[in-house]
Amino acid sequence: MLVKIHDEFIDKLDFVKRDGLIPVVVQDIKTKDILMLAYANRIAIENTVKTGNAWFWSVSRNKLWMKGEESGNIQEVKDILVDCDHDSLIYLVDSNNPACHTGNRTCFHNRLYPD
């Protein structure tokens, strides 16, 4: 589980650029696979830090949600990386669960140019 970070670190994140949302890449801490991309607002990030589970803001449903709250495919966050502009995050997770709502391990299972 994550160690509680101080609000001063969350305060440094640039929530202004995207109207309160920060893109979050979810990456498997062991395999380095990119599992999904979602958005988080401040409350989602605070919930992630507090619970150790991945929380996001659903832009399609316009609501806060914990990954796996319906499917059971919870993503346990082991670390959070911040990019150099403080406007994007990576949640490093330890999970064998599917990340995609389709049941696939990763949401990135489609090729732009199929073979």
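For the chain, the Cys residues with no second cysteine's beta carbon closer than 4.7 Å are Cys84. Its DSSP H runs of at least 4 residues, each contributing -39,500 (n - 2.57), put the calculated 222 nm mean residue ellipticity of the chain at -3500 deg cm²/dmol, to the nearest 500. Volume per residue for the chain equals 124 cubic angstrom (convex hull of Cα atoms). Other residues within the sphere of radius under 11 Å centred on the Cβ of Ile29, judged by their own Cβ, net out at -2 (K and R +1, D and E -1).
Net charge in the neighbourhood of Val93 (other residues with Cβ under 14 Å of its Cβ; Lys, Arg +1, Asp, Glu -1) is 0. With neighbours defined as other Cβ atoms within 10 Å of a residue's Cβ, the residues Met36, Met66 order from fewest to most as Met66, Met36.
Helix 42-51 axis versus longest C-alpha principal axis of the chain: approximately 80°, rounded to the nearest ten.
No lab work stands behind these numbers, since they all come straight from the coordinates. Computed from a predicted model, the values in this text were never measured in an experiment. In this analysis, Cβ positions are derived from the backbone assuming ideal geometry, glycine residues included, and neighbour counts consider all displayed protein chains.
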